[in-house]
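The block underneath contains the structure these notes are about, expressed in structure tokens.
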């Protein structure tokens, strides 16, 4: 195994990245439009619309006004003016702003944070020949900002169109003018200043052609709510055996010379992703943002485009034709008689891929997924006009009883009466599709959740990141919680300790292999 540590060192040059609406990593809140019809769902009122501020809610626009030299990003002087203007705006509104401000709510219960050890690029090994998302490689990413108050600056620019420039060092190579911003909703707002918060990095903020191993955007996630830090990496590896899913691995991050801990490096859903997985970069991409009332399940809400634009965040080709194709998919999915549904849907939707997508979503207990919130996934309409469903938020899987999730005994046929989740309530009522789906569920349980192989992978990753987690002074869960979650010793209990990956995987597999679907 290669202990390849990615230390990201960003050195901010007073630059700020501004991506286009199509390519810019999402930094919008977990909120949304008023409900469209009667709320329905598996989790309380969860089937209806979202609260104020949906996926199309605009960030505070500062770039155009303060970009004095019109180079597409804000230098140190321009950012200082923008910060002052932002402060005046928020003070005038009588609040710090929902996403910005000097202090986030930070209402989570986390271990105390302290300064991490100092690390320089010369002290770490380089891995120039390893792929960026090689799961056996633990790189170190160095970020260097020119100002000491970089964290406060990133916090103030959250929910704006401004990114803060830094210098990044990876594998001994320096990348200047990299745009940095905080990302996330609950994984940001619940985290106090000084603790590990997730980053978006834009390699092309200043130099539009700059790439890191072919990629122009990085998502560095803090693993909030996942003491193992492995959920996303494991989910991705399992799902990628049958469907397209973002690649993921572990990295170490160093900011201004100080170690900030282990992050999960997740592939961006962009043209590179679609080309690698579908053979072409052309097509239309949507993100279905998460919220407790996500309601992005492909329900049909009439021919008007407005209800769809509040639920689905188009990342490319923002044209009427593409939106109308999405509406047509929803209409066919929801209004076609069941006996004709597979035939009518086949030209529009990759049905087998969707059944695998639904199977992984439930088998792995993804409590932020389609089955529970009808959100947190991607849609891609390829060059042949076929839609594909793709996992997005994978860090809240493999857990017992989380957020109402019934854990190991979660019924694979849950949600069959939920009209706001028609990929389940419509597709799985077609006998042939239901049988195929249950076959996929059983295959995942039987072949991919067998503990000999799955446990070996957990053990491999624990050895890879254990010391780095132990040294992390800003982590969101204790080192003891990490050990408990990743233990692979049967002496701790019949299926490992409560809350461990082993407990969930072994009990989930046992339940699914003994599951008998009710007769129709």
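The values are calculated or read from the model by the stated rules, or taken from the named source; none is laboratory data. Source: prediction; values computed, not measured. Here the Cβ is made from the backbone with ideal geometry for all residues, glycine too, and neighbour counts use every protein chain on show.
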For residue 285, indicate whether it is buried (at least 21 other Cβ atoms within 10 Å of the Cβ) and at pLDDT below 95. no
Verdict on residue 223 being in contact with a strand residue (DSSP E or B) (Cβ under 8 Å, 6 or more places away or on another chain) and buried (at least 24 other Cβ atoms within 10 Å of the Cβ): yes
Cross-chain or 6+ apart pairs with Cβ under 6 Å, the stretch 175-201 first and within 16 Å of residue 145 (Cβ to Cβ), then modelled with pLDDT of 95 or more and in a helix (DSSP H, G or I): 182/154
When the stretch 343-365 is examined, which residues are found to be surrounded by fewer than 16 Cβ atoms within 10 Å (Cβ to Cβ) and touching a helix residue (DSSP H, G or I) at 6+ places or on another chain (Cβ under 8 Å)? 344, 352
Among helices (runs of 4 or more DSSP H) entirely inside the stretch 410-520, those with 1 or more residues being closer than 30 Å to residue 334 by Cα and under 24 Å from the mean Cα position of the chain (by Cα) are 422-425, 431-443
Kindly provide the set of residues from the stretch 195-220 that are surrounded by 16 or more Cβ atoms within 10 Å (Cβ to Cβ) and either modelled with pLDDT under 95 or outside any strand (DSSP E or B) (or both), ordered by number. 195, 196, 197, 198, 203, 204, 205, 206, 210, 216
Could you tell me whether residue 276 is outside any strand (DSSP E or B) and surrounded by 19 or more Cβ atoms within 10 Å (Cβ to Cβ)? no
Single residue of the stretch 369-390 satisfying the filter (buried (at least 23 other Cβ atoms within 10 Å of the Cβ) and assigned to a loop (DSSP other than H, G, I, E, B)) that is nearest to the chain's Cα centre (by Cα): 376
